[in-house]
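Let me begin by presenting the structure, written as structure tokens, before commenting on it.
The values are calculated or read from the model by the stated rules, or taken from the named source; none is laboratory data. A quick note: this is a predicted structure, and the numbers were derived from the prediction, not measured. Cβ placement follows ideal geometry from the backbone for every residue including glycine, while neighbour counts extend to all protein chains displayed. What goes into the accessible areas is simple: the full protein's heavy atoms, side chains included, and nothing from ligands, DNA or RNA. Shrake-Rupley method; radii C 1.70, N 1.55, O 1.52, S 1.80 Å.
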Amino acid sequence: MQLKDKVAIVTGASKGIGKAIALLLASQGAKIVVNFATEKMLAEEVVKKIGHNQALAFAAHVEKPDEVASMIRETLKHWGRIDILINNAGIINDKFLMVMTDDEWQKVIDVNLTGVFNCCRAVAKQMVAQKSGKIVNISSTAAVRGLLGQANYAASKAGLEGLTKAFAKEMSHYNIYINSIAPGFIESDRVAELREDIKRDYLRLIPMERFGLPEEVAQVALFLVTEAASYIQGQTIMVDGGITV
Ligand code: NDP
């Protein structure tokens with residue numbers, strides 16, 4: 001039990017990578033706030049899987065600072081501390097830049113980048129008071145590769161990685177760690193929805209010739225929030241089957 005008595009908030013934990021991270025951290029003893037935006041039933045299922053004494057579901061749109069503040073208050077009311085924040089919530093809305101609307105640009109930036117800023121700022125005070133904390137931001141290989149139709153998404157994830165580095169410098173003094181994970185193609189709803197021929201094209205780009213599993217990203221998140229990662233700060237770890245090599 002590497003995370004006994006630790007309290008973790010995992011944003012976007014109703015499914016996919018966030019769910020896998022929530023379940024893995026819980027299996028190591030952490031109490032989990034299963035954040036979601038709209039899928040209450042899915043989030044409740046994750047809570048049920050973990051156990052009602054060890055998890056609670058909380059609806060908050062990460063791009064809305066007042067909703068994030070409520071989530072932090074509720075976490076502290078329940079468990080009195082916050083040791084881990086996993087900024088996983090993220091969306092895509094692909095369109096070629098030439099025809100991308102203001103809304104399509106802004107919404108992705110709001111959720112994927114401003115959402116991370118909101119959550120980091122909201123937990124920082126508590127973590128500074130505790131003189132400890134671990135934050136893991138879920139980026140994407142799109143931050144360094146870019147992908148057709150993903151100017152908004154790639155910019156949001158590149159911004160997230162810049163935020164990670166700056167915040168790591170600000171917080172090191174307080175024993176607070178901030179790192180990022182950049183997954184490649186991971187088998188979640190997003191990849192499942194791709195056309196078969198597009199899947200085959202993507203697979204040809206991946207040296208390991210397969211998509212990753214949410215659990216394989218979760219293992220790296222677990223590593224980053226344990227003592228095993230005690231000298232890793234401000235970094236981005238690629239979990240991509242070699243696609244960026
Ligand atoms: P999913 O689409 O499967 O799940 C997204 C999660 O984020 C859901 O729990 C959803 O909640 C939540 N969410 C969406 N919008 C908001 C919001 N405004 N506020 C709070 N929560 C929100 O995503 P994945 O598991 O595929 O991806 C998770 C993260 O990993 C994302 O940041 C993504 O960019 C990144 N990533 C994913 C890759 C992949 O191949 N899957 C590759 C690289 C990076 P609800 O269900 O309630 O809407």
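Using the structure shown, decide if Ile91 is of a type in the set (Val, Ile, Thr), surrounded by fewer than 20 Cβ atoms within 10 Å (Cβ to Cβ) and either under 19 Å from the mean Cα position of the chain (by Cα) or at pLDDT 95 or above (or both). It is true that Ile91 is of a type in the set (Val, Ile, Thr), surrounded by fewer than 20 Cβ atoms within 10 Å (Cβ to Cβ) and either under 19 Å from the mean Cα position of the chain (by Cα) or at pLDDT 95 or above (or both). Looking across segment 14-32, the residues that are of a type in the set (Lys, Arg) and either near the ligand (Cβ under 7 Å from one of its atoms) or closer than 15 Å to Gln219 by Cα (or both) come down to Lys15, Lys19.
For segment 132-184, residues that are open to solvent by less than 10 Å² (accessible area, probe 1.4 Å), assigned to a helix (DSSP H, G or I) and farther than 21 Å from Gly12 by Cα total 1.
Among the conditions (1) farther than 15 Å from Asn88 by Cβ; (2) surrounded by 18 or more Cβ atoms within 10 Å (Cβ to Cβ); (3) not hydroxyl-bearing (Ser, Thr, Tyr), the only one that Glu187 does not satisfy is (2). Kindly evaluate Gly16 against the criterion of being touching a residue at least 40 places away in the same chain (Cβ under 8 Å) and open to solvent by 10 Å² or more (accessible area, probe 1.4 Å). Yes, satisfied. Residue selection: Ala57 satisfies the criterion of being in contact with a helix residue (DSSP H, G or I) (Cβ under 9 Å, 6 or more places away or on another chain) and either in a strand (DSSP E or B) or farther than 26 Å from Gly184 by Cβ (or both). Inside segment 67-88, residues that are within 13 Å of the ligand (Cβ to nearest atom) and either open to solvent by 40 Å² or more (accessible area, probe 1.4 Å) or in a helix (DSSP H, G or I) (or both) make up a count of 4.
Look at segment 33-66 and say how many of its residues are touching a strand residue (DSSP E or B) at 6+ places or on another chain (Cβ under 8 Å) and either within 10 Å of the ligand (Cβ to nearest atom) or of a type in the set (A, V, I, L, M, F, W, C) (or both). Adding up the residues that qualify gives 19.
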